[in-house]
1. Among the residues of segment 69-98, which ones are free of Cβ contacts under 8 Å to residues at least 24 places away in the same chain and either aromatic (Phe, Trp, Tyr) or open to solvent by 20 Å² or more (accessible area, probe 1.4 Å) (or both)?
2. Tally up the residues in segment 74-88 that are over 30 Å from Pro115 (Cβ atoms) and among the aromatic types (Phe, Trp, Tyr), please.
3. May I ask you to list the residues in segment 55-66 that are modelled with pLDDT under 95 and of a type in the set (A, V, I, L, M, F, W, C)?
4. Pairs needed: first member in segment 17-39, within 14 Å of Asp64 (Cα to Cα); second member anywhere, of a type in the set (S, T, N, Q) and surrounded by 14 or more Cβ atoms within 10 Å (Cβ to Cβ); C-beta distance under 8 Å; at least 6 residues apart or different chains.
5. I need the full set of residues from segment 99-115 which are open to solvent by less than 70 Å² (accessible area, probe 1.4 Å) and hydrophobic (A, V, I, L, M, F, W, C), in order please.
6. Can you tell me which of Thr61, Thr95, Thr50 is among the hydroxyl-bearing types (Ser, Thr, Tyr) and under 10 Å from the mean Cα position of the chain (by Cα)?
7. Output the number of residues of segment 1-41 satisfying the condition of being at pLDDT 95 or above, charged (D, E, K, R) and closer than 12 Å to Pro90 by Cβ.
8. Given the structure, is Gly44 loosely packed, with under 15 Cβ neighbours inside 10 Å and modelled with pLDDT under 95?
Amino acid sequence: MGAILAEVTISNPANRSRRWQGEFLIDTGAIDTVVPAARLREIGIQPEETRRYVLADGSVTELDVGGARVELLGGFAWVTVVFADDNVRPLLGATAMESLGIEIDMRDETLRRLPAVQL
C-alpha cells in the first residue's frame, strides 16, 4: 500500500477562525495526530502536558501535547495533537480517524466516511 495523503484542517477549539490546513500522512499505526509545533502555536494552541511516545524506530521520547479540532471529509473531531519538530510531516493518527468515522478503502487506497461510527 502506498502513502495516503489528505488535506486536513486543524483549528483552535476556543476560536475556530484560527486554523491551519496542511497535507497530512494518514498513519493508522500512530495513535495521536502529529503537527509541527510552530503551526499549532500560530493558531493559539498551547501544550497542556508532556507524554512519552515510542517512535517508529523503537526509541522513546517525550513530547508536548494539546487539544485541537480536526476537520476532514466534511466531519470534525476533537483530538490530541502532538507538538512535533517544525520539519516533521504532519500525521493523522488512528484516534482521529476513528473519531471522524473515516477508514481507508484498501481497493483504491482512498479515504471514505463510514455510514455510522461504532459506540
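1. Once the filter is applied, which keeps residues that are free of Cβ contacts under 8 Å to residues at least 24 places away in the same chain and either aromatic (Phe, Trp, Tyr) or open to solvent by 20 Å² or more (accessible area, probe 1.4 Å) (or both), segment 69-98 yields only Glu98.
2. 1
3. Hits for segment 55-66 are Leu55, Ala56.
4. From segment 17-39, the pairs are Asp32/Thr80; Asp32/Thr95; Thr33/Thr80; Thr33/Thr95.
5. Leu100, Ile102, Ile104, Leu111, Leu114
6. Thr95
7. Number satisfying all stated conditions: 4.
8. no
The values are calculated or read from the model by the stated rules, or taken from the named source; none is laboratory data. Keep in mind the model is a prediction, meaning the values are calculated, not measured. Quick reminder, even Gly has a Cβ in these numbers, built from the backbone with ideal geometry, and neighbours come from all protein chains shown. Just so you know, the surface numbers come from the protein's heavy atoms only, side chains and all, with ligands and any DNA or RNA stripped out. Shrake-Rupley method; radii C 1.70, N 1.55, O 1.52, S 1.80 Å.
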